[in-house]
Amino acid sequence: MEEQVILVDQNDVPVGQMEKMEAHEKGLLHRAFSVFIFNSKNELLLQQRALSKYHSGGLWTNTCCSHPRMGETNMDAANRRLKEEMGMDCELDYLFKFTYKAKFEDGLTEHEVDHVFFGTSDELPLINPVEVETFKYISLEALAADIELNPGLYTPWLRICLDEVMEHVKA
């Protein structure tokens, strides 16, 4: 079955749905979520996206991210994908949302209202190799420094929201 995304307006109100690839080809605004899991040392669990991903393959990003399905809450979707991508379960808290648009070399465009969730777990991931190449833990300070030096190694949405993520961790 083709994966559908929820098309939304600027206020995150659903206006329809569309096949995921078509929405990315047309650059249409749709709903997404990003999960950030921290361990007890306050290190962020990063994943390297599988090399075979339709965009951003091999780039480092937050613990997991995807799109909710029509009729699925963002929280349920975040928990589902955390299990599907990283083989993990943990309590998640909704923190904030942001809107961004990023064009990729392959002609696809991510244009998303991205809902951000945080969780804490010392459970080691059991990665799904279809989705994830590998993983690592890193402090937010070291991550910010590496993004400054090597921005091309990281997904646009991680680079865009990292400052706000860091503010919420400090709070």
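Being among the acidic types (D, E) and open to solvent by less than 70 Å² (accessible area, probe 1.4 Å) is true for just one of E123, E84, E141. Which residue is that?
On the way: E123 fails: open to solvent by less than 70 Å² (accessible area, probe 1.4 Å); E141 fails: open to solvent by less than 70 Å² (accessible area, probe 1.4 Å).
The conditions single out E84.
Quick check on S56: is it without any contact (Cβ under 8 Å) to a residue 40 or more places away in the chain, closer than 18 Å to L158 by Cα and among the polar types (S, T, N, Q)? Steps first, please.
Values: without any contact (Cβ under 8 Å) to a residue 40 or more places away in the chain: no; closer than 18 Å to L158 by Cα: yes; among the polar types (S, T, N, Q): yes.
No; evaluated as a whole, the condition is false for this residue.
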query: Name the pairs: first residue in the stretch 117-135 and without any contact (Cβ under 8 Å) to a residue 40 or more places away in the chain, second residue outside any strand (DSSP E or B) and open to solvent by 50 Å² or more (accessible area, probe 1.4 Å), Cβ to Cβ under 9 Å, at least 6 apart or on different chains?
result: E123/D89
- line: Those residues of the stretch 9-68 which are among the basic types (K, R) and open to solvent by less than 40 Å² (accessible area, probe 1.4 Å) amount to R31, R49
task: Please verify whether the stretch 147-162 includes one or more residues that are touching a Gly at 6+ places or on another chain (Cβ under 7 Å) and open to solvent by 10 Å² or more (accessible area, probe 1.4 Å).
output: no
message: Considering only the stretch 70-79, I want to know if a residue exists there that is modelled with pLDDT under 95 and either crowded, with 21+ Cβ neighbours inside 10 Å or over 22 Å from N128 (Cβ atoms) (or both).
response: yes
- prompt: Is at least one residue of the stretch 83-97 more than 21 Å from N39 (Cα to Cα) and among the hydrophobic types (A, V, I, L, M, F, W, C)?
  reply: no
query: Which residue pairs have Cβ atoms under 6 Å apart, sit 6 or more places apart or on different chains, and have a first residue in the stretch 10-24 that is in a loop (DSSP other than H, G, I, E, B) and a second that is modelled with pLDDT of 95 or more?
result: D12/V113
task: Test each condition in (1) surrounded by 16 or more Cβ atoms within 10 Å (Cβ to Cβ); (2) within 15 Å of the chain's Cα centre (by Cα) for L108 and report the one that comes out false.
output: (2)
query: Has the stretch 102-116 got any residue that is farther than 24 Å from K170 by Cα and among the small types (G, A, S)?
result: yes
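The values are calculated or read from the model by the stated rules, or taken from the named source; none is laboratory data. Keep in mind the model is a prediction, meaning the values are calculated, not measured. Every residue, glycine as well, gets a Cβ built from its backbone with ideal geometry; the counts of neighbours run over all protein chains shown. These accessible areas exclude ligands, DNA and RNA; they are computed on the full protein's heavy atoms, side chains included. Shrake-Rupley method; radii C 1.70, N 1.55, O 1.52, S 1.80 Å.
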